[in-house]
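A short worksheet on the structure shown next.
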Amino acid sequence: MTDEFEYALNCHCSLCRRATGSAFKAFGGIKTHALEETNSKSSLMLVGNEIDHDVRCASCGSFLYSIVRGGEYVHVNYGVLAEEPKLKPSAHIFVGSKAPWYDILDDLPQFEENPPF
């Protein structure tokens, strides 16, 4: 996959927390056409509908990425990347539903829900 992320965020919504099993999901947004999968489609497991869905590894179940925004973008989970992405997360989103046991300790902007950008 080419490192063409247009944005990167830390999402604290309950769906991302449950899907990743962690306090938040760090991800990068990339245009769908820029995503190149190295394995065959048969090694992927889709969860959701045809337009907006999550993609997991069919072998181990790791949450790889989500197809979002009407199929135009992919949110790639930063935790599954082999190399460090150039773009670091720029904000925390959905902090209104963050895990109560987790404290955000950095100075990144925080948004109660989806950011206005």
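The values are calculated or read from the model by the stated rules, or taken from the named source; none is laboratory data. None of these values were measured; they are calculated from a predicted model. When we count neighbours, we look across all protein chains shown, and the Cβ atoms used for this are built from the backbone with ideal geometry, even at glycine.
Among the residues of region 63-95, just one is loosely packed, with under 13 Cβ neighbours inside 10 Å, touching a residue at least 60 places away in the same chain (Cβ under 8 Å) and farther than 16 Å from Tyr7 by Cα, namely Glu83. Quick one: which strands (runs of 3 or more DSSP E) lie wholly within region 1-108 and hold at least 2 residues that are in contact with a Leu (Cβ under 7 Å, 6 or more places away or on another chain) and modelled with pLDDT of 85 or more? Strands (runs of 3 or more DSSP E) meeting the threshold: 25-31, 73-77.
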